[in-house]
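Have a look at the structure below, then the notes.
The values are calculated or read from the model by the stated rules, or taken from the named source; none is laboratory data. Keep in mind that what you see is a predicted model, and the values were worked out from it rather than measured. So basically every Cβ, Gly included, is an ideal-geometry build from the backbone, and we count neighbours across all protein chains shown. Surface areas here come from the heavy atoms of the whole protein model, side chains and all, with no ligands, DNA or RNA. Shrake-Rupley method; radii C 1.70, N 1.55, O 1.52, S 1.80 Å.
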Amino acid sequence: MSIDALVAPSNDLSDFMQDLYSCDNPLSPHWNGSGCQSVPFGGPTEPPPTAQSHERPSSGAQGRRKRRRRSRACKDAAEVETQRMTHIAVERNRRRQMNDHLAVLRSLMPGSYVQKGDQASIVGGAIDFVKGLEQHLQSLEAQKRTLQASLTNNNEDSFDPPFGGFFTYPQYVWCHVPPERLASEEEPHHHREAAAVADIEATLIEGHTNLRILVRRRPRQLVRLVVGLQNVGLTVLHVNVTTLAQVVLYSFSAKVEEGCNLTSVEDIATAVHHMLTVIEEDALSQNAQF
C-alpha cells in the first residue's frame, strides 16, 4: 500500500483506521519490520481472570456471618457486666461486714484508746487495749501469789509455779512445770529442758511473734533483751512487765524483719534463751566479785 493511497481522503473512517493499524503498514505502531501480531482494534484487552481469583461471597452469607459475630460480642458483654455487678455486690457486702465489726470493736474499748474513727486507729487501739488487759491480768496474778504466800507462811508444800496460766507449750522450762511433769514421757520433748534459765514460750503468726519469758530479775535485763532482739531482726512493738518477788514476767510483741534468720518458734526461743544465759552469767560473775 503506497503513501499516496494512505493519505488520500476516504469517506469510510473505519476502513482508514483499520488500514492505519494494519501489520502491513510501516507507519503502524505495531510494525516490527516483518509484520506484527494481530491486535484487535481499540488496543490490547485485559487478560482473563486466573484460577486464583476468588469469587466474592454473596451479601446474604456475609450478613449471616456478621450477625453471628455480633451476637457473640453481645453475649460476652453481658457476661462481663454480670461478673462486674457480682464483684461489686460481694465487695459492698464485705465492706459492710468490716464496718459492723469495727463498730462493735470500738464500742468494747474505752474512748481513750481510739482517738480517730479510721480503721487503722481502731485496730491499733484494740491491740493496745488487749495488751493492757494482759498487763492487768498479770498484775492480779502477782497480787494473788503475794497474798497466798502471806496466808501460808511460805509453806513449801503449797508452792504453785507463778504465772502458770500464761504458758501453754513453752519451748524452754525453768520453774513453772512441776518436776513430775518433767519426768513424764507423755510431755513433749521441749518441756523437758534440764538447764534452762527461764520459762520461754514463742509463737509465730504471719511475720509477728509473741514471747513470754519468766526469769529471775537481773540488772539492766530488759534493756539488754530489747537490744538483743533488735540485733537478731526482731523489732519490739509492745512489752508488758510484771514482777513478783525475785522473778519477772516479760510479754513481748515483735515483728520479724526481712532478712531475719529466725524462721521458727524454736529458733526464736533458742536465741532468747542464749541472751538470757549470757545475762545470767554476767550477773553471777559480778556477784562473785563482791
Report summary line: Stretched fully, the stretch from Glu81 through Lys116 gains (0.36 nm per residue minus C-alpha distance, one decimal, in nm) 8.8 nm
Query raised in the report: Using the beta-carbon distance between Ser107 and Glu258 and R0 = 45 Å, what value does 1/(1 + (r/R0)^6) give for FRET efficiency, to the nearest 0.05?
Result: 0.75
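Please report the carbon-and-sulfur percent of the accessible area for region 188-290; probe 1.4 Å, protein heavy atoms only, DNA, RNA and ligands left out.
53 percent
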Query raised in the report: For region 106-127, list residues with backbone N below 14 Å from a point placed 7 Å from the Cα of Leu237 toward its Cβ?
Result: 120-127
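For a quick protection proxy, order the peptides 81-93, 102-114 by their average other-Cβ count within 10 Å, most packed first.
Going from most to least packed, we get 102-114, 81-93.
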Report task. Can you check what the net charge comes to around Val236, using other residues whose Cβ is under 13 Å from the Cβ of Val236 (Lys, Arg +1; Asp, Glu -1)? Result -> +2
